[in-house]
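The values are calculated or read from the model by the stated rules, or taken from the named source; none is laboratory data. Just so you know, these numbers come straight off a predicted model, no measurement behind them. Positions of Cβ are generated from backbone atoms using ideal geometry, with glycine treated the same way; all protein chains shown enter the neighbour counts. We work out accessible area using only protein heavy atoms, side chains counted, and drop any ligands, DNA or RNA first. Shrake-Rupley method; radii C 1.70, N 1.55, O 1.52, S 1.80 Å.
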Amino acid sequence: MIYLDNSATTRPNEACVAAMNELLTECWFNPSSVYRPGMDAAHRLKTARAQVAQALGAETERVFFTSGGTEADNWAIFSTAKRLGKRGRHIVTTAVEHHAVLHPMQQLEAQGFEVTYLQPDETGFVSVEALKAALRPDTILVSIMMVNNESGAVMPIADMVRATRRLAPLALFHTDAVQAAGHLPIDLAAQPIDLLSLSAHKFHGPKGVGLLYARRGVHLTPLIDGGAQERGLRAGTENVPGIAAMAAAFEESCTHMTESACRVSALRDRLTAGLSQIPGALLNGSAAHRLPGIMNFCFEGVDGETLLLLLDQAGICVSTGSACAAGSVDPSHVLLALGRTRAQAHSSIRLSLSDETTDAEVDYLLETVPACIARLRG
């Protein structure tokens with residue numbers, strides 16, 4: 001099997017599996033318990049929090065564990081709306097966000113908030129100038145993803161944070177860093193991002209665990225009520241094995257980030273060049289300014305879902321877009337925002353590489369994809 005759907009999920013690495021096995025078998029106790037085994041579990045939880053915080057350049061006590069990126073996004077958005085809604089009712093986001101951001105925005109619009117959706121250019125890039133034009137004195141939240149999960153476009157987050165600080169001083173800045181974490185450098189000590197979400201299974205960690213970072217001075221309201229876990233802000237017994245595994249996987253990914261990015265970029269560029277030779281092929285997004293591992297193509301006259309099935313029969317795993325939208329008959333909202341027609345969007349597939357992708361796998365793909373497309377067109 002050749003797996004090229006790493007934007008959907010990644011294979012847990014050895015560090016992740018080792019940490020999870022140890023915690024599941026030897027330190028499985030409730031970290032809120034006051035007897036020694038429970039205190040040992042609490043110590044492992046504290047260690048994992050510090051490990052992740054250090055990799056992010058964050059203060060340890062400002063890291064809050066969640067069930068994943070979706071919960072973290074929801075928490076950041078709804079908490080800000082609840083706390084700052086009396087100061088202003090305007091929010092800025094983009095038209096290409098993950099549904100974990102877009103759907104909460106729709107809920108807030110139904111409650112009377114006004115949401116401005118910034119449009120990308122044809123490469124998927126949202127400009128700082130577009131953000132500046134949208135900011136207002138009553139803007140309370142800006143939520144812009146660091147990397148788009150379908151086009152791979154990398155947003156100018158640092159410049160966007162500075163613009164928000166200057167033009168909308170009441171606003172908090174949130175970024176969904178789910179696709180960026182472990183693949184691009186993140187230094188929260190250098191960038192005054194207020195809120196940041198990430199999910200472990202995008203960087204070879206386990207599913208069902210993530211975090212929300214909240215800068216010192218940013219006050220959160222609970223999204224989940226119950227116990228006093230996570231300093232009283234996120235109820236529910238912490239998933240210590242998953243959290244420890246996430247910390248181990250994140251540290252491993254950050255350690256090898258530079259060398260992985262160089263190798264994956266070279267594979268991506270070779271794959272992009274080869275697929276671009278197919279008649280009717282259209283690259284979605286920029287050829288250069290994107291995450292090393294993500295590429296998205298439309299193939300004229302081909303149904304993306306049918307192509308996906310043919311590739312599956314050939315032992316290749318790809319997707320037609322976000323895994324969270326799988327099964328939807330609607331075309332990708334990201335590709336439509338880039339200016340693609342509905343027919344073009346329906347003809348697309350997304351290929352997402354990882355540091356485990358090999359040259360031989362790229363060779364096989366470059367042989368197989370054109371053959372499958374020719375078969376469908378024939």
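Enumerate by residue number the chymotrypsin sites (Phe, Trp or Tyr not before Pro) in region 1-100 meeting two conditions: DSSP loop (anything except H, G, I, E, B), and at most 13 other Cβ atoms within 10 Å of the site's Cβ. Could the numbers behind the result be given before it?
Numbers: sites: Tyr3, Trp28, Phe29, Tyr35, Phe64, Phe65, Trp75, Phe78; in loops: Trp28, Phe29, Tyr35.
Answer in residue order: Trp28, Tyr35.
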Quick one: which residues, 5+ away or cross-chain, put their amide H under 5 Å from the amide H of Asn284? H built at 1.01 Å from N.
Asn296, Phe297, Cys298
Spatially proximal lysines relative to Lys132 (Cα-Cα < 26 Å; intrachain offsets below 8 disregarded):
Lys82, Lys86
Based on the alpha-carbon gyration tensor of region 10-63 and its eigenvalue square roots a ≥ b ≥ c, which shape applies: rounded if a/c is under 1.5, prolate if not and a/b is larger than b/c, or oblate?
oblate
In order through region 222-234: 3J(HN,Hα) via Karplus (6.51 cos²θ - 1.76 cosθ + 1.60), integer Hz, x for Gly, Pro:
x, 8, 10, 9, x, x, 9, 5, 6, 6, x, 10, 8
What is the set of long-range amide H partners of Ser7 at a cut-off below 5 Å, with H atoms built 1.01 Å from backbone N?
Ser352
Global form of region 143-237, assessed from the alpha-carbon gyration tensor, a/c cut-off 1.5
oblate
Not counting ligands, DNA or RNA, and with a 1.4 Å probe, what is His103's accessible surface area in Å² rounded to the nearest 10?
90 Å²
With label points built 7 Å along Cα→Cβ from the Cα atoms of Cys317 and Ala189, find their separation and express it in nm.
3.7 nm
Considering the chain as a Gaussian network with a 10 Å cut-off on Cα pairs, which listed residue, Ile316, Ile224, Ile140, attains the greatest mean-square fluctuation?
Ile224
Computed ³J(HN,Hα) along region 19-29: with the Karplus parameters 6.51/-1.76/1.60, θ = phi - 60°, integer Hz and x for glycine or proline, the list is 5, 5, 4, 4, 6, 6, 9, 10, 9, 8, 6
Gyration tensor on Cα atoms of the chain, a ≥ b ≥ c root eigenvalues, a/c under 1.5 rounded, else prolate if a/b beats b/c, else oblate, says oblate
Check which residues have an amide H placed less than 5 Å from Leu172's amide H, if you skip close sequence neighbours.
Leu141, Val142
Heavy-atom surface of the chain, accessible at 1.4 Å and reported per residue (Å²):
42 Å²
